[in-house]
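The values are calculated or read from the model by the stated rules, or taken from the named source; none is laboratory data. Keep in mind that what you see is a predicted model, and the values were worked out from it rather than measured. Cβ sites come from the backbone with ideal geometry, for glycine too, and all protein chains shown count toward neighbours. Surface accessibility is based on the protein's heavy atoms, side chains included, excluding ligands, DNA and RNA. Shrake-Rupley method; radii C 1.70, N 1.55, O 1.52, S 1.80 Å.
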Amino acid sequence: MSVGRTPSATGLVLTALTGSVAALGALLGGSAAAIAGVPVAIAGVYRTSRAILAGGVALLFAGVVLAGAGGGAPEAVVVAMIGTVLAWDVGENAISMAGQLRTGAGERAEIVHAAAVSTVTLTVAVAGYSVYLFASAGQPEIALSLLVFGVVLVVLALGR
Amino acid sequence: MSEREATERLSGSTLGLIVVGSLAVVLAIVFIYDPGLAPAFDPVLLLAYLMPLVGIGAALSLSVNYLRGERSEFDPPLVEYRSTVNVPGTSVDADLAGTTADGPLGRYKRISSVRKRLRTVLDSVLTRTAVAPEDRAATVESGDWTDDRIAAGFFQSSTPFSRSERLRMRLTGEHALVTQARHAIDAIADRLGVTDRDWGSPEQAGARSTVDEGWVGRLSEVDSQIRETGRLRIVTALTLLAVGIGVLLDAGTLVLAGVVGLGPLALRYVGSTPTPQLEIERTIDDTEPDPNGRVRVTVTITNVGDRMGFDLRYLDGVPPGLTVVEGSPRHGTALQPGASTRFAYVVEAERGEHAFEEGLLVSRDASGTVEGVGHLGASGEMRLRCEPKPTGDLSVPVRAKTSPNVGRVVTDVGGSGLEFHSIREYRPGDPLKRIDWNRVARGGELATMQFREEHAATVVLLLDARSDAFVAPERDAPSAIERSLGAIADVFHSRLDSDDRVGLGALGAADCWLAPGAGHGHWALAKRLLTTESAFTEGSDETFYPVLAMGRLRKRLPKNAQLVLFSPLADDTAVSMARRLHAYGYPMTVVAPDATATATPGQTVAHLERRLRLSRLRDADVRVIDWRRSEPLGIAINRAQRRWSR
């Protein structure tokens, strides 16, 4: 019997999967930097260290920024961002499971969690992308300013 | 969480931010739909640069604070281990490691207390190794007692380290006093001749304890609570960073990508707070196992509510006195209404009656941001009873202090019996068969043969059941109490078989007493006491007053009783109680199961202290049986008997 913090195989696989989606998206968007983030994120989950996982996610996100700023296709950038956000979410969940359940089983809850978060994230991404498609014609600058102003406020209020 | 709390979370400044932000977003969408409505000038152009900077700053501070520990997550106790048992010396290790102290001053105080404790040990060791008490202080101050200058320096006023050594320690983050303490422990152990230690080098801190993985405690110590885990702060940070950088670099795709992060955040607000209704059922494959038998516990969790349980993490209420040896008493799952799941684990049975505690449920909502912790009672089997099974061929030798009743203890009194004792002159009334007819036939005087009389002894077995006596050499090794209970059952049974009168008592906060008696009915009483007394399996939280307990015991003890005390000698009170009872005229034998190890410096200190206690008992003419770890008691008795005088 051991009470070590052992992450489940499911958690490792989910992190690898979502991280690869992020890396692939960034690669299609023209940035290879995110590939380095995948092993770091997996290592973070394996060592049950949130700091290392955050480092991996930061590398993935660097890929998103480089792809976005370098004029990559919006679809690729959005896919990369989805992968990045999910990589943190499933990775952190695996770490928390390992901390609270130790060697106990928690795969089912991890899969359900990953499915729920992915569904909502995809839905929001599709909605955002639709607005983007509609609005990509020349818009008044004030609209963008107000949009950013509002989004930052709401996110700050809800996500603290 | 109640609705009131939910609204509270959204009140005040948060609600204001949301309203203002939403208005801005709505306005922006209106302008996008109909650019004609937008004013020709841009009054909020400043905002377009200010807000991204605010967002990026907030994102950085959120993620840095989160990673620096501004997060909250329930840390469950290690139910796998017994919470009733301590490992002697752990506190010294904690003091040396600095985990118990806050700040450098607190740490220094802790180390000073360790120094004081070591000084006491050193003084005793020096006395035992031929240093006169009046020379002790001088020997310690001069450092002559050891070849190790670092060890000697721990008790001297000046530091033994050179400037370069101090510099090296500062660089490696080593604490000079801690190094000295380790060297001192090493040197004292060498001086006492304790050389077969698991912890070898004074430069190392020794084996890491499994308890570093978490805390050991009872589930009932945990408060029910609901908290925010804050795990999505990183997602918030990613969103703000994407939007901020996107605006600053004029990259629309990045702003678009930032929207993605709103998904998990939204899930946190559409999801309900976790209040699952579960039913737990527990089955045990053998509720009355043999000692050290393996018992399989199967737990079934059923969702009887009408809502989905997204993230359920259950910890079963393993009895505090039992250790899980296989599988895990924890299970994480997601359950639809009506669904159920099952898991199993194996515990090792220890003597006594063990009750399962309430389980603990950690449930999270779909996004994992709200975490509720609550207790959850289980139906089904709640108890596990493990009766002692005496083998019957083990007995602690008793002394020749006996009662007038006939028994099997061979005394030094001449009379009728089997073993020849002496010959004396004939007195009228002596039985004819004991007259030495051979001598008469040779023409001598009438003489009577005497044989050693065989009497019954009155033996009272005492168990040290104070909370200090709940010790084990390792977290999952057999505890001293558990070994004592087994030995007591054996000794009790075998002394009854040899027609002695046997009684049973506990030295502990809870009163427990069985007056000396004989016969098979008496064994049944003792067995019930040994099995059901919760003071033997879980200990007691009440304070133990030695004076009261001794007074109570002396009133009950018959005049001719002799005592056998089962105690790990984990503190000095046990020694003084044993010595005092012996001095009152009750011949004392102490059976001391060894519950100390030598894997760390702290454990070594506890080991040395126990050795010294054994010596102090022997000094007082108390018979001591040093019962080593993983050794049958019979062997320990044989070894001890060799050094006893009759």
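Odds and ends about this structure:
- Filtered residues of segment B:550-603 (kept if of a type in the set (A, V, I, L, M, F, W, C) and open to solvent by 20 Å² or more (accessible area, probe 1.4 Å)): B:ALA570, B:ALA583, B:ALA599
- Within segment B:102-135, being open to solvent by 30 Å² or more (accessible area, probe 1.4 Å), more than 17 Å from B:LEU612 (Cα to Cα) and part of a helix (DSSP H, G or I) holds for B:GLY103, B:PRO104, B:LEU105, B:ARG107, B:TYR108, B:LYS109, B:ARG110, B:SER112, B:SER113, B:ARG115, B:GLU134, B:ASP135.
- The set of residues in segment A:35-65 that are among the aliphatic types (A, V, I, L, M), crowded, with 20+ Cβ neighbours inside 10 Å and more than 26 Å from B:GLU70 (Cα to Cα) comprises A:VAL64, A:VAL65.
- Some residue of segment A:33-52 being among the aliphatic types (A, V, I, L, M) and within 9 Å of chain B (Cβ to nearest Cβ): yes
- Subset tally (residues that are modelled with pLDDT of 70 or more and facing chain A (nearest Cβ under 8 Å)) for segment B:30-46: 3
- Within segment B:294-345, strands (runs of 3 or more DSSP E) holding 3 or more residues that are closer than 18 Å to A:VAL112 by Cα and more than 11 Å from chain A (Cβ to nearest Cβ): B:294-303
- Residue in segment A:99-122 that is more than 7 Å from chain B (Cβ to nearest Cβ), over 21 Å from B:LEU256 (Cβ atoms) and free of Cβ contacts under 8 Å to residues at least 60 places away in the same chain present: yes
- B:ASP285, sole failed condition from (1) at pLDDT below 90; (2) within 27 Å of the chain's Cα centre (by Cα): (1)
Matching residues to (1) open to solvent by less than 10 Å² (accessible area, probe 1.4 Å); (2) of a type in the set (D, E, K, R); (3) part of a loop (DSSP other than H, G, I, E, B); (4) on the phi > 0 side of the Ramachandran plot:
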| position | (1), (2), (3), (4) |
| --- | --- |
| B:GLU353 | no, yes, no, no |
| B:VAL362 | yes, no, no, no |
| B:GLY368 | yes, no, yes, yes |
| B:GLU371 | yes, yes, no, no |
| B:GLY374 | no, no, no, no |
| B:SER379 | no, no, no, no |
| B:THR391 | no, no, yes, no |
| B:VAL409 | no, no, no, no |
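- Residue in segment B:261-278 that is touching a residue at least 12 places away in the same chain (Cβ under 8 Å), farther than 26 Å from B:GLU350 by Cβ, open to solvent by 30 Å² or more (accessible area, probe 1.4 Å) and within 7 Å of chain A (Cβ to nearest Cβ) present: yes
- Taken residue by residue, segment A:122-140 has no member that is in contact with a helix residue (DSSP H, G or I) (Cβ under 9 Å, 6 or more places away or on another chain) and crowded, with 24+ Cβ neighbours inside 10 Å.
- Of the helices (runs of 4 or more DSSP H) lying entirely inside segment B:550-644, the ones with 1 or more residues being within 17 Å of B:PHE470 (Cα to Cα) are found at B:572-583, B:601-619.
- Selected residue (criterion: surrounded by the fewest Cβ atoms within 10 Å (Cβ to Cβ)) from residues of segment A:89-98 that are under 30 Å from B:LEU254 (Cβ atoms) and either more than 7 Å from every other protein chain (Cβ to nearest Cβ) or touching a Phe, Trp or Tyr at 6+ places or on another chain (Cβ under 9 Å) (or both): A:ILE95
- Note on segment B:220-256: residues that are over 19 Å from B:TYR49 (Cβ atoms), in a helix (DSSP H, G or I) and either more than 7 Å from every other protein chain (Cβ to nearest Cβ) or modelled with pLDDT of 90 or more (or both) amount to 8.
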